[in-house]
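Peer 1: Questions regarding the structure given below will be posed in turn.
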Amino acid sequence: MTVKAVKMPCTSANVYTKVPDGGWGWTVAFAFFVVEALTYGIIKSFGVFFNDLMESFDETNSRISWIISICVFVQTFTAPLSTVLSNRFGHRLVVMAGGLLVSTGMVIASFARSVVDMYVTIGVVSGLGYCLSFLPTVTILSQYFDKRRSLVTAVASTGECFAVFSFAPAITALKEQIGWRYSMLSVGVLQLGITACGSLLRPIVIREQEEEKAQPPEESTETKYMLENEQTCTSIESIDSGVDITTSPSNVPGKTKAEPKSEEPKQQGQNPVENNSTPPEPKTKLLDFSVMRDYSFICYAFFGLFATLGFFAPSLYIIPLSRSLGIGKDHSAYILSAMAIAEVFGRIFAGWVLNKKPIRKIYIELICVILLSVALVAFPFASGFWGLMICSVYFGFMLGTVAGTHIPLLAEDDVVGIERMSSAAGVYVFIQSLAGLAGPPLAGVLVDTTKNYSSAFYSCAAGMVLGAMFLALVRPCKTGLCHRQQQQQQQVEESTAGPPPELPDDFIDMDIGKAEHSGKGSDSVV
């Protein structure tokens with residue numbers, strides 16, 4: 001049972017003796033659910049504005065795609081900044097500031113007069129807000145859970161799915177009443193809820209209980225070692241022979257005061273640390289780039305780089321693809337909503353599977369990525385409403401298994417571990433920024449060149465296949481690296497450890513002789 005060590009006020013940190021796997025973590029999970037809905041849920045629902053923006057600004061697919069592309073790029077490119085600010089000012093303040101930026105950018109975008117204005121407002125301002133809101137929330141949620149981490153994170157991440165399911169039809173209906181500008185303004189006001197969620201993110205401190213153990217008296221220790229010396233037929237005087245005996249009290253930690261030479265460091269101005277003193281706590285790095293020397297993390301980062309190509313483009317182009325096949329606006333919105341519902345089940349299913357013990361989570365992720373690639377290839381072969389509906393449901397389910405777990409998997413030992421997750425998440429999302437910038441415009445260029453929306457899904461599938469190849473290398477790199485580190489450590493130990501000290505041949509005889517001589521002396525006295 002988890003025991004809270006200290007009761008703190010609402011605005012202070014929660015201090016636990018171990019990872020709570022619940023407690024205030026459930027409130028943090030709810031906050032993450034809402035943040036997911038108001039960040040990635042809005043990004044994935046932005047496709048409902050796609051045709052309106054093309055008509056209002058008289059722009060092509062590729063230029064309109066740059067709005068979300070710049071937004072995703074800024075969101076991922078500034079991930080290290082989010083990590084630094086969170087470590088410096090705390091997760092709560094950073095998320096609240098991010099919510100203000102997201103809302104401000106979306107509200108100003110509703111008054112934009114050109115697509116360039118959209119690049120600045122939604123792309124830069126809101127993109128930075130998305131980064132400051134999402135990444136600290138998922139990081140602190142992982143700190144509140146251990147055994148249930150995969151399941152809780154997967155369930156809480158379904159917020160974006162429910163957002164797409166509800167926002168896509170709602171925004172479509174709202175546009176028919178008040179137009180796309182006021183609809184976008186309403187979305188911006190709604191995103192102020194991120195600030196309220198940020199206020200719920202209490203910091204967490206894990207402080208182990210210290211158990212004071214009674215130290216045995218010094219006399220009993222000396223008696224113990226005298227008995228050992230009697231059993232081995234040696235004496236404490238053998239220290240003078242130049243060889244330290246391991247059973248001597250002078251070699252026991254905490255008993256150095258028995259030897260006069262232990263006072264020399266104090267006379268030279270050195271202050272040795274006492275046993276009961278607390279060692280100084282290491283300074284926390286604002287951003288630890290040492291993860292870049294981990295081959296398994298590098299492979300995992302390349303997986304995220306290429307897999308990101310397949311995350312956003314289908315959500316952006318599913319409605320234009322359905323419209324090109326002669327499907328009406330309402331039915332196109334239903335397809336996007338069905339994709340979101342399927343993603344909910346995919347996330348929950350992935351969390352349930354990854355929560356099983358024992359299981360190698362990295363291999364489950366690899367299987368899901370391969371099946372997601374198959375889903376992307378299936379879209380161009382779909383025809384009619386039900387064909388797209390089946391493909392969308394299948395894609396949504398597989399997307400949920402990957403999208404809800406790829407960042408929390410950084411906390412697993414196969415990648416970097418929970419200790420370095422905060423810095424690793426910042427670097428990982430930063431590397432994803434390149435794909436986030438190039439993915440939607442690349443798909444838009446292919447669509448403008450081929451005059452066929454199927455080419456966008458083919459490009460996403462190609463990126464996902466490359467991502468699967470790098471994901472397959474994560475585990476071999478981790479095991480190979482650990483094996484090499486063990487070999488290097490053994491070599492260092494062998495090189496630093498000199499040959500064993502050579503004892504004189506008469507070493508034992510000297511002590512036995514002393515013992516016999518003292519015995520005879522005592523007999524003569526008697």
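Peer 1: Here are some conditions: (1) touching a helix residue (DSSP H, G or I) at 6+ places or on another chain (Cβ under 7 Å); (2) among the charged types (D, E, K, R); (3) surrounded by fewer than 24 Cβ atoms within 10 Å (Cβ to Cβ). Arg347 meets all but one. Which one does it not meet?
Peer 2: (3)
Peer 1: Can you pull out the residues in region 350-403 that are β-branched (Val, Ile, Thr) and within 23 Å of the chain's Cα centre (by Cα)?
Peer 2: Hits for region 350-403 are Val353, Ile359, Ile362, Ile364, Ile367, Val369, Ile370, Thr401, Val402.
Peer 1: Condition test on Leu128, is it out of contact with any Lys or Arg (no Cβ under 6 Å at 6 or more places or on another chain) and crowded, with 18+ Cβ neighbours inside 10 Å?
Peer 2: Yes: the conditions hold for Leu128.
Peer 1: Can you spot a residue in region 3-18 that is among the polar types (S, T, N, Q), out of contact with any His (no Cβ under 7 Å at 6 or more places or on another chain), modelled with pLDDT under 85 and assigned to a helix (DSSP H, G or I)?
Peer 2: The answer is no; no qualifying residue exists.
Peer 1: Would you check if there is a residue in region 84-102 being under 30 Å from Ser322 (Cβ atoms), open to solvent by 10 Å² or more (accessible area, probe 1.4 Å) and basic (Lys, Arg)?
Peer 2: No.
Peer 1: Name the pairs: first residue in region 441-452 and touching a residue at least 24 places away in the same chain (Cβ under 8 Å), second residue among the charged types (D, E, K, R) and part of a helix (DSSP H, G or I), Cβ to Cβ under 8 Å, at least 6 apart or on different chains?
Peer 2: Gly444/Arg63
Peer 1: Mind checking which residues of region 349-373 are in contact (Cβ under 8 Å) with a residue 40 or more places away in the chain, in contact with a Leu (Cβ under 8 Å, 6 or more places away or on another chain) and not in a loop (DSSP other than H, G, I, E, B)?
Peer 2: Gly351, Trp352, Leu354, Lys361, Ile362, Glu365, Leu366, Val369, Leu372
Peer 1: Further question on the same structure: Filtering region 179-214 down to residues that are aliphatic (A, V, I, L, M) and at pLDDT below 90, which residue is least open to solvent (accessible area, probe 1.4 Å)?
Peer 2: In this case the residue turns out to be Leu201.
Peer 1: Testing Ala112 on (1) open to solvent by 10 Å² or more (accessible area, probe 1.4 Å); (2) free of Cβ contacts under 8 Å to residues at least 24 places away in the same chain; (3) under 30 Å from Leu81 (Cα atoms), one condition comes back false. Which one is that?
Peer 2: (1)
Peer 1: Does Phe385 satisfy the condition of being in contact with a helix residue (DSSP H, G or I) (Cβ under 7 Å, 6 or more places away or on another chain) and more than 14 Å from Ser150 (Cα to Cα)?
Peer 2: Spelling it out, Phe385 is indeed in contact with a helix residue (DSSP H, G or I) (Cβ under 7 Å, 6 or more places away or on another chain) and more than 14 Å from Ser150 (Cα to Cα).
Peer 1: Could you list, in sequence order, the residues of region 50-68 that are assigned to a helix (DSSP H, G or I) and open to solvent by 10 Å² or more (accessible area, probe 1.4 Å)?
Peer 2: Answer for region 50-68, where residues must be assigned to a helix (DSSP H, G or I) and open to solvent by 10 Å² or more (accessible area, probe 1.4 Å): Asn51, Asp52, Met54, Glu55, Ser56, Phe57, Asn61, Ser62, Arg63, Trp66.
Peer 1: Which condition breaks for Val28 when tested against (1) over 27 Å from Ser150 (Cβ atoms); (2) surrounded by 21 or more Cβ atoms within 10 Å (Cβ to Cβ)?
Peer 2: Status for Val28: all satisfied but (1).
Peer 1: Could you look through region 108-151, keep only residues that are in a helix (DSSP H, G or I) and charged (D, E, K, R), and pick out the one that is nearest to Cys197 (Cα to Cα)?
Peer 2: Arg149
Peer 1: From the residues in region 85-107 that are part of a helix (DSSP H, G or I) and more than 24 Å from Leu185 (Cα to Cα), which one is modelled with the highest pLDDT?
Peer 2: Restricting to residues being part of a helix (DSSP H, G or I) and more than 24 Å from Leu185 (Cα to Cα), the top hit is Leu93.
Peer 1: Identify, please: which residue in region 383-415 is touching a residue at least 12 places away in the same chain (Cβ under 8 Å), farther than 21 Å from Gly351 by Cα and among the aliphatic types (A, V, I, L, M) and is, among those, surrounded by the fewest Cβ atoms within 10 Å (Cβ to Cβ)?
Peer 2: Applying the filter and picking the extreme gives Met389.
Peer 1: Which of (1) in contact with a Phe, Trp or Tyr (Cβ under 7 Å, 6 or more places away or on another chain); (2) over 25 Å from Arg475 (Cβ atoms); (3) open to solvent by 10 Å² or more (accessible area, probe 1.4 Å) is the odd one out, the single condition Phe379 does not satisfy?
Peer 2: (3)
Peer 1: How many residues does region 295-327 contain that are modelled with pLDDT under 80 and either assigned to a loop (DSSP other than H, G, I, E, B) or touching a Lys or Arg at 6+ places or on another chain (Cβ under 6 Å) (or both)?
Peer 2: The number of residues fulfilling the criteria is 3.
Peer 1: Out of region 447-462, which residues are over 17 Å from Ile319 (Cβ atoms) and either open to solvent by 50 Å² or more (accessible area, probe 1.4 Å) or β-branched (Val, Ile, Thr) (or both)?
Peer 2: Selection gives Thr449, Thr450, Lys451, Tyr458, Ala462.
Peer 1: Under 7 Å between Cβ atoms, at least 6 apart or on separate chains: pull out the pairs that start in region 128-147 with a residue that is closer than 17 Å to Tyr16 by Cα and end on any residue that is among the aliphatic types (A, V, I, L, M) and modelled with pLDDT of 80 or more.
Peer 2: Cβ pairs passing all conditions: Ile140/Val28; Ile140/Leu201; Leu141/Val28; Leu141/Ala29; Leu141/Ala156; Tyr144/Val28; Phe145/Val152.
The values are calculated or read from the model by the stated rules, or taken from the named source; none is laboratory data. Everything numeric in this text was worked out from a predicted model, so none of it was measured. Reconstructed Cβ throughout: ideal geometry from the backbone, glycine too, with neighbour counts over all protein chains shown. To get the accessible areas, we keep the full protein, side chains included, count just its heavy atoms, and leave off ligands, DNA and RNA. Shrake-Rupley method; radii C 1.70, N 1.55, O 1.52, S 1.80 Å.
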